[in-house]
Amino acid sequence: MKNVNHRNKTSRLARVLIGVSIVLTTALFFVAVEIDDLLRENHLNEVRADSTVNLIEVREHIEESIFGHFLLLQKVTTYVEENPDATQEEFSAYISTLDYLPEEVINFATARDLVVDMVYPVEGNESVLGFDYRSNPDQRPGIERSIENRRATVVGPIDLVQGGKGFIFRQPVYVNDPSSETGKRLWGIVSIVAEHDAFLDVTGLNDMRDEFDILITSDPLYAGRERVVLGSPEIANQNPINLELEFPTGHWEVAAIPAGGWPTNSPTYVKDRILLGFGSAVIIGLVLLVATLAVLQRRAQVRLTEAIEAMDGGFAMFDHKGRLVAFNAKYMEMYAVSSERIREGARFEDIIRLGVQNGQHPDAIGREEKWIHKRLESFFGPDTEFEQELSNGRYLLASDRALSDGGRLCVRTDVTQLKQAVDQAEAASRAKSEFIDTLSHELRTPITVILGLSSLGKNFETLGMTKTLREKLDDPEVEIDEIKDAVSVLVKHFTDTMEKQERSAKHLHGLVEDMIDFAKIESRKLAVRPETVDIVDLVSSVTDQIRIKAEEKGLAFKVEAEKGEVFCDQLRTTQILLNLVGNAIKFTETGGIEMKAWREGDSAIFEVSDSGPGIPTADQKRIFNAFEQLESSNVRRHSGIGLGLAISRTLADAQNGSLHVDSEPGKGSTFTLRLPSNERHGSARDYGAHANRLDSAA
């Protein structure tokens, strides 16, 4: 599940990074667009600033030129104020004497009572004479506004009476009049008319039009209404540069844009966009590279984590300060007692201290601080490998290796089963060695007896009792009764010798039978032939053979057998019971033995109890192992080679039965054999399984 979670996290991370890349690409696109807009806006601002500077320079020239016309107008006005009754000839003479007569000026004129009465030059301007301003709706408002404000004005372009278009500079003329409330009265108007195109050339307005599209409007305050002096009104809607042309008595509004309109892009917009695109591509590429590296790193980390988690052993990594950097679940499981401290960042010392405190390390008990100090020295020292015993009975092969950065790599392998297997192998080896010793002893003793008695029989003539009998037979004076007594002594000695030889031979025969049975079991050739047998008859056959042994040892032997049947191999079942009763007699010094047999459901139960020393709980499984005896060969008090109970249990299992023991030290033991009571429940089992179990026990 943890591996699946890691893969899901990696997949989610990849999707997130792809999403981030898409968002970043979109964001960079909008940023690039914004930067492009800023660059364009910056270029527009630069163009606007440069244009404004240029316009200001042109404006100064225009204002200077127009100001010159106003000065000229003021001179003429002053002359008229001083000479209100001047004639045409006098007026013309005055004008002709002026130092500055602009080429663009068409005429100078005066309008006494707003009717043109004098003009210079007269030639070409005859049509102007007698012109009444009050009768002209186009010029009258400007005249009235000029008179009302008592200031000079300039209007135009305007259709001229003599034809064409022009600009007219006007100024009202007031003369002294004592009868007036103000001491002045309106005399009329003085005007200067400038030809339209020439005026634009002289003032520089035409030059401005080469560089700019302009709109110039007059001041409505003095012109009566706003007039378009120059240009198209559409300019006002194109975000123009706005300036004022200041005159001594008013101003014009100037709106200007670069010729052809404002630029839509900067001259370097192609290069700028290429750079923006390249920069965005580099950023996106770097982000994708970082994202890819992050995903690859995460995948590598997941693979490493999965590999660590898949390890059959524990894994942990500590930094150079002894702080836990990484670990797998197996490591925490192995050190479950210290698991609350096994966290990233935890100190190795804190982890082992908790383990020692909770008794996790049996070899530290009673010398805790010394053990911790030694363990820390080992941990931070050279590479080491050692076997570690834990309080739960498990054994670990611990390997601590130094890393290049000063950290430590710790690998733990559970070798409990291996150690148990080694211990079992060593125990089996010891058991077999003891078996060989025991077998040697058990075989040597009866064989020695048999050989000794055979040697004695071979040298029968040399026996003292034989010589005594011969002497008595040769002595005629010896009574027949003495001879009989001597014969009886010899016969009794011979009988005792034969009995000893018979017992040794039977003991040797039993050992050989056990060895043959064990060999048959190992080779899976031991046949089991179950049949229906009477329980009482089966028990009687056993007690008849073994009761005398109990009586010889002075033990009470009690037998209780209920009527019934058992489905078994009579020979092998008798062998089991003889072994159980024989062991009970062998290991019981005082008290007695009791044998019971009865039917219980579908089973027949045989129970053999004794008042012997009992068997410790820890040894109750061992006694059914081949070659196992609770006494070592060095302190043996009873004969036997340790195969009886192992063979008995295997024979019981082979008959679809069971054999187990209940015992308590000092209170004797009870062995219970349970066999099927009829053929339906007593089919013989596959014997191979039982032989395998005996092999593994051996």
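The values are calculated or read from the model by the stated rules, or taken from the named source; none is laboratory data. Only a predicted model underlies this, so the values are computations on that prediction, with no experimental measurement involved. Note: ideal-geometry Cβ built from the backbone for every residue, glycine included; neighbour counts use all protein chains shown.
Scanning the range 555-570 for residues that are within 11 Å of ILE605 (Cα to Cα), free of Cβ contacts under 8 Å to residues at least 60 places away in the same chain and either touching a helix residue (DSSP H, G or I) at 6+ places or on another chain (Cβ under 6 Å) or hydrophobic (A, V, I, L, M, F, W, C) (or both) yields one hit, ALA561.
Residues being in contact with a Gly (Cβ under 6 Å, 6 or more places away or on another chain), assigned to a helix (DSSP H, G or I) and within 16 Å of LEU205 (Cβ to Cβ) are entirely absent from the range 67-80.
Consider the range 102-125 and keep the residues that are at pLDDT 85 or above and of a type in the set (D, E, K, R). The one that is surrounded by the fewest Cβ atoms within 10 Å (Cβ to Cβ) is GLU123. Within the range 335-349, the set of residues being assigned to a helix (DSSP H, G or I) and either in contact with a Gly (Cβ under 8 Å, 6 or more places away or on another chain) or at pLDDT 90 or above (or both) comprises VAL337, SER338, PHE348, GLU349.
From the list SER135, SER146, which one is of a type in the set (Ser, Thr, Tyr) and at pLDDT below 80?
None of the others qualify; the one that does is SER146.
In the set (1) surrounded by fewer than 16 Cβ atoms within 10 Å (Cβ to Cβ); (2) under 23 Å from GLU368 (Cα atoms); (3) touching a Phe, Trp or Tyr at 6+ places or on another chain (Cβ under 7 Å), ALA259 fails one condition alone, (2). Looking across the range 374-406 at every residue that is part of a strand (DSSP E or B) and among the hydroxyl-bearing types (Ser, Thr, Tyr), the one that is surrounded by the fewest Cβ atoms within 10 Å (Cβ to Cβ) is identified as THR384.
If only residues of the range 192-210 that are charged (D, E, K, R) and modelled with pLDDT of 80 or more are counted, the one that is nearest to SER96 (Cα to Cα) is GLU195. If you go through the range 11-27 and pick out every residue that is farther than 13 Å from ALA291 by Cβ and modelled with pLDDT of 75 or more, you end up with 2. If you go through the range 225-267 and keep only what is of a type in the set (Ser, Thr, Tyr) and touching a residue at least 60 places away in the same chain (Cβ under 8 Å), you end up with THR249, THR264, SER266.
Every residue, every condition in (1) surrounded by 14 or more Cβ atoms within 10 Å (Cβ to Cβ); (2) in the same structural domain as SER399 (by TED's automatic domain parsing); (3) among the aromatic types (Phe, Trp, Tyr), yes or no:
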{"site": "PHE318", "(1), (2), (3)": "yes, yes, yes"}
{"site": "LYS321", "(1), (2), (3)": "no, yes, no"}
{"site": "PHE327", "(1), (2), (3)": "yes, yes, yes"}
{"site": "TYR335", "(1), (2), (3)": "yes, yes, yes"}
{"site": "SER338", "(1), (2), (3)": "yes, yes, no"}
{"site": "ILE365", "(1), (2), (3)": "no, yes, no"}
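A quick yes/no check of all residues on (1) crowded, with 17+ Cβ neighbours inside 10 Å; (2) more than 26 Å from GLU211 (Cβ to Cβ); (3) touching a helix residue (DSSP H, G or I) at 6+ places or on another chain (Cβ under 8 Å):
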residue	(1), (2), (3)
ALA27	no, yes, no
PHE30	no, yes, no
LEU39	yes, no, yes
GLU57	no, no, no
GLU60	no, no, no
GLU63	yes, no, no
LEU73	yes, yes, no
GLN88	no, yes, no
TYR94	yes, yes, yes
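Just wondering, is there one or more residues in the range 657-667 that are of a type outside the set (A, V, I, L, M, F, W, C), at pLDDT 90 or above, over 23 Å from ASP569 (Cβ atoms) and in a strand (DSSP E or B)? Checked against the condition, which is being of a type outside the set (A, V, I, L, M, F, W, C), at pLDDT 90 or above, over 23 Å from ASP569 (Cβ atoms) and in a strand (DSSP E or B), the range 657-667 yields at least one hit. Assessment of the range 213-222 against the conditions (farther than 30 Å from VAL47 by Cβ, crowded, with 17+ Cβ neighbours inside 10 Å and at pLDDT below 85) yields at least one matching residue.
The set of residues in the range 344-388 that are touching a helix residue (DSSP H, G or I) at 6+ places or on another chain (Cβ under 6 Å) and among the small types (Gly, Ala, Ser) comprises GLY355, ALA364. Looking only at residues that are of a type in the set (A, V, I, L, M) and at pLDDT 80 or above in the range 237-254, which one is farthest from VAL154 (Cα to Cα)? Going through the qualifying residues, I end up with ILE241. Annotation for the range 507-527: no member residue is at pLDDT 90 or above and surrounded by 15 or more Cβ atoms within 10 Å (Cβ to Cβ). Within the range 115-135, being among the polar types (S, T, N, Q) and free of Cβ contacts under 8 Å to residues at least 12 places away in the same chain holds for one residue alone: SER135.
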